[in-house]
1. Pairs only if they're at least six apart or on different chains, beta carbon under 7 angstrom, first in segment 56-84 and small (G, A, S), second open to solvent by 70 Å² or more (accessible area, probe 1.4 Å); list them, first residue then second.
2. Report, by residue number, each residue of segment 64-113 that is within 13 Å of V31 (Cα to Cα) and under 12 Å from the mean Cα position of the chain (by Cα).
3. Being within 26 Å of N13 (Cβ to Cβ) and touching a residue at least 60 places away in the same chain (Cβ under 8 Å) is the filter here, so list the residues in segment 35-55 that pass it.
4. So in segment 118-142, with the set limited to residues that are within 23 Å of L42 (Cβ to Cβ), in a loop (DSSP other than H, G, I, E, B) and not small (G, A, S), which one is least open to solvent (accessible area, probe 1.4 Å)?
5. Does at least one position in segment 101-122 carry a residue that is among the β-branched types (V, I, T) and touching a residue at least 24 places away in the same chain (Cβ under 8 Å)?
Amino acid sequence: MTTNLASDLLTENPSLLTTPLRLPNGQRALVRLQRPTDAWLLTRYFTSLSTATRNCYGPHAFNYETACQLCATIDYHHTLRFIATTDADHSSQIIAYFILRLGVLENDRKRYAALGITLHDEEDTALAPSVADAYQSHGIGS
């Protein structure tokens, strides 16, 4: 029930999980939940990633259609999608995107079980991060 209450609060006010961030290079960024209005911003991020970066991160396709679908189907009860933005060149841009899936994916459950580790939906999550090419190895993932 706590999850539903928290999810309902986030649906009403997604800015509850917004925080400013100062990157190691001194640049300011903002980490916040993805919103329904972020489709174009997310598309620009997805399409700016190099092929090498796209090959490292693969929870979904990195294109306009996916960005639109992700923004149209936000469900804070199961998945929290965060973006880190900065205002470089006087326009907002995403420098990192990550997915926090509440509960356990079946493939992860099997993989960890093979290692003798039991995962629990009430306690464990899956994290899928990605960082823009220009910001990799600059501490944003930390």
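The values are calculated or read from the model by the stated rules, or taken from the named source; none is laboratory data. Given the structure is predicted, the values throughout are model-derived calculations rather than measurements. So basically every Cβ, Gly included, is an ideal-geometry build from the backbone, and we count neighbours across all protein chains shown. The protein model used for the area step is the full one, side chains on, heavy atoms only, and it has no ligands, DNA or RNA in it. Shrake-Rupley method; radii C 1.70, N 1.55, O 1.52, S 1.80 Å.
1. Qualifying pairs under 7 Å: A72/P36.
2. L80, R81, F82, I83, A84, T85, I94, I95, A96, Y97, F98, I99 - these are the residues of segment 64-113 that are within 13 Å of V31 (Cα to Cα) and under 12 Å from the mean Cα position of the chain (by Cα).
3. Y45
4. The selected residue is I140.
5. no
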